[in-house]
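> One structure, pasted below without further comment.
The values are calculated or read from the model by the stated rules, or taken from the named source; none is laboratory data. Not measured: the values here are computed from a predicted model. Please note: Cβ atoms are built from the backbone with ideal geometry, for glycine as well, and neighbour counts cover all protein chains shown. In case anyone asks, the SASA skips ligands and DNA or RNA and just uses the protein heavy atoms, side chains included. Shrake-Rupley method; radii C 1.70, N 1.55, O 1.52, S 1.80 Å.
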Amino acid sequence: SDHMENICGYLMKYTNLVTGWQYRYFVLNNDAGLLEYFVNEQSRHLKPRGTLQLAGAVISPSDEDSHTFTVNAASGEQYKLRATDAKERQHWVSRLQICTQHHTEAIGKNNPPLKSRSFSLASQGSANSPGVQRRPSQNAVSFFNVGHHRLPTGKRVPIMQPDHLVDVREMMSQAEGQQRDLIRSIECLPASGHLTSLDQDLLMLKATSMATMNCLNDCFHILQLQHASQQKGSLPAGTTISWLEPKISLANHFKNGAAQNFPAEINKPASVREEQSIAEPCQLTREPEEINPDEELEDICDDKEDDLGAVEEQRSVILHLLSQLKLGMDLTRVVLPTFILEKRSLLEMYADFMSHPDLFIAITSGSSPEERMIRFVEYYLTSFHEGRKGAIAKKPYNPIIGETFHCSWRMPKSNVATDGTNSSAHSSSEQGTLPKDPEGQAEPDYYTVKFVAEQVSHHPPVSGFYAECVERNMCVNAHVWTKSKFLGMSIGVTMVGEGVLHLLEHGEEYTFSLPCAYARSILTVPWVELGGKVNINCAKTGYSASINFHTKPFYGGKLHRVTGEVKQSMTNTVVCRVQGEWNSVLEFTYSNGETKYVDLTKLSVTRKRVRPLEKQGPFESRRLWQHVTESLRDGDIDKATEHKRALEEQQRNEERLRAETETPWCTKYFLKDGDGWVYHKPLWKTVSAAQTQQTDSN
């Protein structure tokens, strides 16, 4: 009982072929001998969705993989559960087995052994197994009844002799010695080469061999208990049966010989010293800077994240990191290794979601509220493909507080879809609400979309971003709090926040949210999928859209699937349905029966325009992270780590200084507005002021 503890956490529970695997929050109640589960952690105070009595239960690690195990209750009910990895599974299995053993003992004290089931060691290995020389009397099948069948009427279970238990103990001691030798042999393998200590099959073998030995120990303990009950009728009060040998240490078992620590401090290069000497942000001007789009040049960077080399080489570092994380742990303050980073900041990633400015600008050209909502949904669903920058799951830089990113796009007017009317007519009518060009210059033949993003908070990490197209009287403002959690073999990122698209010509506002993102298979080939339900609403017109990003089910199913529908809320009429994959082909079906296909792989991408590094401020993303990016491009992970550490240390020092002097952080472009953040000079204020000025002059 010294090892009994109440544990809780998320496990996947298999429901049926239709529903598949679902995350549920499980609680092991040792005092009551119950395994309970809830929909999520927040509903823990409510009635459990399910409860299993553990007395008499059998906890069985599955041989189908290293994650799955089953809990078979004495009542016949079964839970098929899946942990995030072999280590997490073994933690749950061992605690469940200890709790089961404790409450089975309590029943055994006052009740005879169950006749409907005979517990067995089920050790049916070959007699020629290396290192095991069995006598006929040592054959487990000769004195253990194997199976779960009902005994014939009138037959009694033969009383097991003490020497039989000694024989079993001897056999198990030999097996435990072999298992320890196996682990040592695997860990002595080299970290690289044809067969390494990090081979996936060998890692699974290590985990399952330990699970098997612990399961056999539990079975042996039950046999000891049954033998004592049969000999004495019941156990004296307060009697406990201890393990004859300690169980295998989890810490020692999962210690990997190839694991290595993160690179130690080395002599800092000059560029790192330069980064550490950057003046504090509070000493820089926090006045908003007007960026001239004419200074921006078409971006020539093309950092596709398709290289797996670093991840493959650093597998042991990932294992070392994973061993220190717990299921559900918030990763906000966890420093992740440099080699898993993308070559861009999170702020720039938000900008890359705007890589189809023609679809963005075309939203306001819709001739009806219905068409404008459908166009917004089309733009929304096509934005994620380019924003992800390749199929490999890597993580953008965490922006430091005060970091900013600026860019713009130029889109020829002839490339923007309209409602059939002349686009120049639209432009002239829209410009009526804006100040006239004092120099009377000719109107350019392209639209300009300007973008600015700022990291407005460090804890919690909140980013604000804003984009506008002045010529079309439209802008979008959003704030996002990224909450990342460790899910075992995956990392989940929840995008908490809200965005609002303003179509000033129509007086419409469209509120929207963002889906969750998951980095899957982080030990092998990491890949990204989106999941969750998002809603888009326009209160003025009554149109709304509901979009579901489907994560791949455990059995079957497609990757990256998305479905959605647009409806008129007042009449509950569906006017458009969409299905497909958010990174491949989308199919839009309209209420008139027409169908439209959008192939995202063939959709043209407009390159953003960015100022050269020499014209950027010290806290603009590309200049701030330039040395980290250059080192990653060169494949110098150690050097990139040093540059990254210098920036993070500088941020921590500044944060401590502000706390000591009680100096609040001042943002540059975004202002706090309730629970959100709003750009300091949004287009709707500019247009409103221009209209007021025009009215006064008349």
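> Which residues, taken from the stretch 656-671, are surrounded by fewer than 15 Cβ atoms within 10 Å (Cβ to Cβ) and more than 19 Å from residue 475 (Cβ to Cβ)?
Within the stretch 656-671, 656, 657, 659, 660, 661, 662, 663, 664, 666 meet the criteria.
> Of the residues 608, 644, 602, 639, only one is free of Cβ contacts under 8 Å to residues at least 12 places away in the same chain and at negative phi; which?
602
> Name the residue that is nearest to residue 350 (Cα to Cα), counting only residues in the stretch 563-580 that are free of Cβ contacts under 8 Å to residues at least 24 places away in the same chain and crowded, with 17+ Cβ neighbours inside 10 Å.
Applying the filter and picking the extreme gives 580.
> Out of the stretch 575-596, which residues are of a type outside the set (Val, Ile, Thr) and not in a loop (DSSP other than H, G, I, E, B)?
Scanning the stretch 575-596 gives 576, 577, 579, 580, 581, 586, 587, 588, 590, 596.
> Under 30 Å from residue 532 (Cα atoms), in the same structural domain as residue 100 (by the TED database) and over 21 Å from the mean Cα position of the chain (by Cα): is that true of residue 22 in this structure?
It is false that residue 22 is under 30 Å from residue 532 (Cα atoms), in the same structural domain as residue 100 (by the TED database) and over 21 Å from the mean Cα position of the chain (by Cα).
> Let me ask another. Kindly establish whether residue 26 is assigned to a strand (DSSP E or B), within 27 Å of residue 220 (Cα to Cα) and among the aromatic types (Phe, Trp, Tyr).
In short, no.
> I would also like to ask the following. Restricting to the stretch 175-191, and then to whatever is over 24 Å from residue 94 (Cα atoms) and surrounded by 14 or more Cβ atoms within 10 Å (Cβ to Cβ), can you tell me which residue is nearest to the chain's Cα centre (by Cα)?
Among them, the one singled out is 191.
> Can residue 5 be described as of a type in the set (Asp, Glu) and open to solvent by 40 Å² or more (accessible area, probe 1.4 Å)?
yes
> Here's something else I'd like to know. Do you know which of the residues in the stretch 508-532 that are part of a loop (DSSP other than H, G, I, E, B) and either at pLDDT below 90 or among the aliphatic types (A, V, I, L, M) (or both) is surrounded by the fewest Cβ atoms within 10 Å (Cβ to Cβ)?
Among those residues, the one meeting the criterion is 521.
> Among the residues in the stretch 160-174, are any loosely packed, with under 12 Cβ neighbours inside 10 Å, at pLDDT below 80 and assigned to a loop (DSSP other than H, G, I, E, B)?
Looking for residues that are loosely packed, with under 12 Cβ neighbours inside 10 Å, at pLDDT below 80 and assigned to a loop (DSSP other than H, G, I, E, B), one finds at least one in the stretch 160-174, hence yes.
> Right, another one. Select, from 602, 608, 596, 644, the only residue that is open to solvent by less than 40 Å² (accessible area, probe 1.4 Å) and assigned by the TED database to the domain that holds residue 350.
From the options 602, 608, 596, 644, the qualifying one is 608.
> Look at the stretch 41-55 and say how many of its residues are open to solvent by 50 Å² or more (accessible area, probe 1.4 Å) and not β-branched (Val, Ile, Thr).
Qualifying residue count for the region: 8.
> Then there is this: Could you list all residues from the stretch 495-507 that are open to solvent by 10 Å² or more (accessible area, probe 1.4 Å) and in contact (Cβ under 8 Å) with a residue 24 or more places away in the chain?
Selection gives 497, 498, 500, 502, 504, 505, 506, 507.
> Quick check: anything in the stretch 524-538 without any contact (Cβ under 8 Å) to a residue 60 or more places away in the chain, farther than 15 Å from residue 383 by Cα and among the hydroxyl-bearing types (Ser, Thr, Tyr)?
no
> Do you know which of the residues in the stretch 533-562 that are of a type in the set (Lys, Arg) and in a strand (DSSP E or B) is surrounded by the most Cβ atoms within 10 Å (Cβ to Cβ)?
Once the filter is applied, the top-ranked residue is 561.
> Quick one: how many residues across the stretch 57-68 are surrounded by fewer than 19 Cβ atoms within 10 Å (Cβ to Cβ) and in contact (Cβ under 8 Å) with a residue 40 or more places away in the chain?
The total comes to 3.
> Test residue 505 against the stated conditions and say whether it is more than 21 Å from residue 350 (Cβ to Cβ), of a type in the set (Asp, Glu) and in a loop (DSSP other than H, G, I, E, B).
yes
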